[in-house]
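Have a look at the structure below, then the notes.
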Amino acid sequence: MSAQGSPVRGATTPAAGYLESLLAGRPRLPASSMAWLNELRAEAVDRVGALTVPTIRDEEWRFTDISPLTKLSLQPATAPVRHESIDVGRFALDEATTRIVFVDGVHAPELSRVAPDHGVVVANLPAAAMAHTATIERHLGCHAAFRSDVFAALNTAFLQDGAIIIVPRGAIVAAPVHLLFIATQADAASYPRCLLVAETGSKVTVIEDFVALQHDAYFTNAVTEMSLADDACVEHIRVQRDSGQAFHIANCTVSLGRASRYHSVSVALGARISRYNLNVLQTADGAQCTIDGLALIGERQLADTHTSIDHAQPHGVSRQLHKCIVGGAAHGVFNGKIIVRPGAQHIDSSQSSRNLLLTAQAHVDTKPQLEIFADDVKCAHGATVGQLDSDAVFYLASRGLSDAAARNLLTYAFGAEVIDRIPVAVLRQQLEAIVLEQTASRS
Amino acid sequence: MILQDSKTLLEVRGLRATVNGTEILKGIDFTVKAGEVHAIMGPNGSGKSTFAKVLAGHPAYVVTSGEVVYEGRDLLELKPEERARAGVFLAFQYPIEIPGVANSQFLRLTYNSVQRERGNDELDPLEFDDFVREKMKLLEMNPEFLDRSVNEGFSGGEKKRNEILQMALLEPRLAVLDETDSGLDIDALRVIAGGINQLSTKDNATILVTHYQRLLDYIVPDYVHVMDGGRIIKTGGKDLAVELETRGYDWVGEEFAAARVTA
Ligand SMILES: Nc1ncnc2c1ncn2[C@@H]1O[C@H](COP(=O)(O)OP(=O)(O)OP(=O)(O)O)[C@@H](O)[C@H]1O
Ligand SMILES: [Mg+2]
């Protein structure tokens with residue numbers, strides 16, 4: 001799987017000094033009582049030392065030039081002084097009675113609230129580690145590809161806190177869990193981390209929500225690991241609404257047990273450059289995943305989504321709908337890899353990439369990547385890139401809607417197909433409002 | 001109905017139009033006064049829908065000469081949405097499907113944009129819901145069509161019904177109904193024709209594009225025009241439609257050609 005990772009460093013490159021400077025800013029982590037965590041971090045530091053920042057010469061980063069990121073002079077976020085001044089109310093989701101807030105990557109207990117529910121653990125890493133070390137140790141750093149991906153390695157090198165969700169066997173958690181990551185500091189690098197362990201037959205909905213209270217440049221480098229045991233069911237919603245100057249790179253790795261079901265909807269609205277890697281591994285028979293995505297970008301934004309669905313075992317099902325709405329001189333990238341391993345028979349997979357270009361300068365690179373090594377499988381895929389249907393625009397105009405209103409409505413409708421799949425009503429409404437507003441400014 | 005002293009709603013003179021560089025409309029003269037019902041008939045491809053779309057302002061059609069005056073204003077100067085707000089309505093021969101936009105939302109947006117222009121109050125979703133349900137009853141339309149995406153997966157007849165629902169909401173002064181009858185079953189034709197008749201007053205006018213006399217049994221036209229090759233080649237009363245039903249179009253064309261030779 002060499003293509004997946006970052007290249008190993010040979011000669012010293014300009015970007016190499018960059019990684020060192022990032023690492024140098026690493027605060028002295030408190031001597032952890034957990035030896036394994038220290039070892040994990042040490043190994044990650046080693047990996048950062050061995051890997052390089054990818055360039056467009058790397059197949060996996062062909063369309064996404066992140067060199068502007070290496071030109072930023074970033075500091076690790078300092079612990080923010082006054083959390084009380086932060087108004088989380090505007091980001092609150094009524095249905096999510098449990099919310100954990102991280103400000104510039106640092107846990108903010110005074111902004112968080114946890115409603116006890118069925119023995120479910122929702123806590124930050126140090127708090128959770130007290131009673132659940134064994135479970136955490138079994139999973140943390142075990143799913144994310146930090147040995148081959150430089151950004152996952154960097155995140156792991158900084159690992160000292162994070163959101164931990166452990167859903168015990170059979171627990172059905174009705175209220176969604178809201179993980180809110182707020183960026184407040186300019187030129188700060190933050191390393192959000194999340195681990196979700198859904199034990200056998202459990203069910204939970206998790207929202208990862210990246211928001212900004214600033215308009216400056218900063219760097220969010222997030223890693224999420226999810227493990228679904230047999231028959232577990234996870235709804236995962238991810239909303240990236242970073243500032244328009246931000247850099248957002250995220251790795252999410254999901255491991256699916258027998259007959260487990262994973263549904264994710266990821267929405268990318270913000271960041272100057274964003275990259276989301278979502279890797280789903282079906283480790284056992286009959287796992288199902290549905291992966292939906294929407295990128296809505298304009299101006300000079302770039303939103304890159306790389307997904308990989310690895311059907312390693314038979315009878316797996318995967319469904320994927322990815323949409324990009326690209327305005328201004330923005331650039332959408334989608335790469336959807338589907339792997340069917342030898343012996344993984346009776347796989348049923350479909351992937352659809354649909355892209356809407358709002359201007360002549362907007363562009364999209366979309367690529368399905370099928371690697372199929374079993375013969376009794378069903379794999380459908382398709383990609384379209386188009387503009388708004390001029391007959392539909394005329395139809396609406398002939399009913400009195402202005403050209404702009406008609407285009408906004410049609411653009412919104414294109415995105416709504418993905419938004420409508422979010423199982424949390426308040427979030428759906430929030431996003432519908434944002435999309436309607438942004439389509440007005442993006443066209 | 002033809003009324004004495006009624007004012008002219010639409011005056012089309014020498015209208016020529018092209019699409020993709022091909023001339024489709026080759027000099028149309030056409031006058032509609034308030035209160036009147038006009039039927040336009042004619043063979044496939046003769047330019048009926050093109051004429052309708054030019055009136056509605058479809059950007060693909062380029063008017064190369066002639067003029068269109070609507071209520072004393074130059075209609076060709078107006079954008080499609082301005083025409084709609086000024087009371088011009090086109091019921092499409094092939095209504096467009098818009099996935100992802102709820103019909104209720106669409107109907108309300110379109111209703112409000114026209115009301116705003118007329119200085120009337122806009123309706124919020126709840127008020128509109130009551131209002132539109134009343135209109136739907138008139139057209140014997142199932143309210144479940146409000147929750148579906150605009151025209152998406154509607155049968156041919158259901159789409160036509162949805163067009164007339166829009167007409168009922170917008171209350172146009174000049175309605176151009178392009179083959180609204182095709183695809184309708186016998187009962188639906190009666191219901192929809194009833195709806196159209198209810199909407200017609202002495203202040204508005206209707207242009208019906210149709211292939212069949214059967215619609216004209218329900219909505220009796222004051223004038224019947226025959227379009228062929230981008231021109232109106234004959235105009236008569238309602239009996240002309242009956243004659244066309246039995247004799248076809250060839251004789252009209254021959255008559256027109258002969259008249260041109262003598263002229
Ligand atoms: N966008 C277009 N591009 C090329 N040709 C067109 C276009 N639109 C219309 N035409 C041509 O113009 C002619 C008139 O078409 P129009 O749709 O107006 O006919 P019509 O009288 O409405 O026919 P019907 O009775 O079949 O509905 C046809 O030959 C058609 O192919
Ligand atoms: Mg036609």
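Inverting the pair-averaged 1/r between distinct Cα atoms of the protein assembly as shown gives 28.8 Å as its Kirkwood hydrodynamic radius. For the protein assembly as shown, the solvent-accessible area works out to 40 Å² per residue, with a probe of 1.4 Å and every protein chain left in place. Relative to the longest principal axis of the Cα atoms of chain B, the long axis of helix B:125-138 makes an angle of roughly 50 degrees.
Only residues of segment A:43-70 count here: report those whose backbone N is under 12 Å from the spot 7 Å along Cα→Cβ of residue A:371, or say none. Answer for segment A:43-70: A:60.
Computed in the context of the full set of protein chains, the accessible area of segment B:155-263 at 1.4 Å probe radius has 50% of its extent on carbon or sulfur. If you plug the beta carbon distance of residue B:102 and residue B:260 into 1/(1 + (r/R0)^6) with R0 = 41 Å, you get a FRET efficiency near 0.20.
Close amide H partners of residue A:366, meaning residues 5 or more places away or on another chain with modelled amide H under 5 Å apart, are A:334. With Cα atoms defining each centre, segment A:403-417 and segment A:212-259 are spaced 27 Å apart in the structure. Ignoring ligands, DNA and RNA and using a 1.4 Å probe, state the total buried accessible area between B and A in Å², rounded to the nearest 100. Summing both chains' loss of accessible area gives about 1800 Å². A simple rule links phi to the HN-Hα coupling: the Karplus curve 6.51 cos²θ - 1.76 cosθ + 1.60 with θ = phi - 60°, which for segment B:147-163 gives 7, 7, 5, 3, 6, 5, x, 5, 6, x, x, 5, 4, 5, 4, 5, 5 Hz, with x for Gly and Pro. Summarising the label geometry, the points placed 7 Å from Cα in the beta-carbon direction at residue A:58 and residue A:43 lie 2.0 nm from one another. The dipole here belongs to the protein assembly as shown: it is taken about the Cα centre, uses +1 on the Cβ of Lys and Arg and -1 on the Cβ of Asp and Glu, and is about 1180 debye. Each of B:58, B:98, B:46 was placed along the dipole of segment B:42-162 (beta-carbon charges, centred on the mean Cα), and the one lying farthest toward the positive end is B:46. For residue A:274, the residues whose amide H sits under 5 Å from its own are A:248, A:302, A:303, A:304, ignoring neighbours fewer than 5 places away on the same chain, with H placed 1.01 Å from N. Antiparallel beta bridges, as assigned by DSSP with both residues in segment B:8-262, represent about 60 percent of the total such bridges.
Were the residues from residue B:20 through residue B:62 laid out at 0.36 nm apart, the gain over their Cα-Cα distance would be 14.3 nm. One compactness figure for chain B is 1.01, namely its Cα radius of gyration divided by 2.2 N^0.38 Å.
Legend: distances between Cα atoms for B:7/B:238; B:202/B:234; B:53/B:135; B:160/B:202; B:33/B:135; B:53/B:79; pairs beyond 18 Å are B:7/B:238; B:202/B:234; B:53/B:135; B:160/B:202; B:33/B:135. Length gained on full extension, residue A:383 to residue A:50: 116.2 nm, using 0.36 nm per residue less the C-alpha separation.
By the gyration tensor of its Cα atoms, with a ≥ b ≥ c the square roots of the eigenvalues, what is the shape of segment A:18-388: rounded for a/c under 1.5, prolate for a/b over b/c, or oblate? Judged from the Cα gyration tensor, segment A:18-388 comes out rounded (a/c under 1.5).
With the charge dipole of the protein assembly as shown set up from +1 on Lys and Arg Cβ and -1 on Asp and Glu Cβ about the Cα centre, the Cα lying farthest toward the positive end among the listed residues B:2, B:219, A:265 is that of A:265. Give the aspartates and glutamates whose C-alpha is closer than 15 Å to that of residue A:203, dropping any in the same chain fewer than 8 places away, or say none. Output for residue A:203: A:117, A:230, A:231, A:235. Could you tell me how far the Cα centroid of segment B:242-257 sits from the Cα centroid of segment A:266-329, in Å? Centre-to-centre distance over Cα atoms comes out at 62 Å. Mean sequence separation of contacting Cα pairs (under 8 Å, at least six apart), scaled by the length of chain A, corresponds to a relative contact order of 10 percent. Only DSSP H runs of four or more residues enter the estimate; each adds -39500 (n - 2.57), and after division by the residues of chain A the mean residue ellipticity at 222 nm equals -7000 deg cm²/dmol.
The values are calculated or read from the model by the stated rules, or taken from the named source; none is laboratory data. It should be emphasised that the depicted structure is a prediction, and the values quoted were computed from it without experimental measurement. Neighbour counts run over all protein chains shown; Cβ positions are idealised from the backbone, glycine included. The area values use the complete protein model at the heavy-atom level, side chains included, leaving out ligands, DNA and RNA. Shrake-Rupley method; radii C 1.70, N 1.55, O 1.52, S 1.80 Å.
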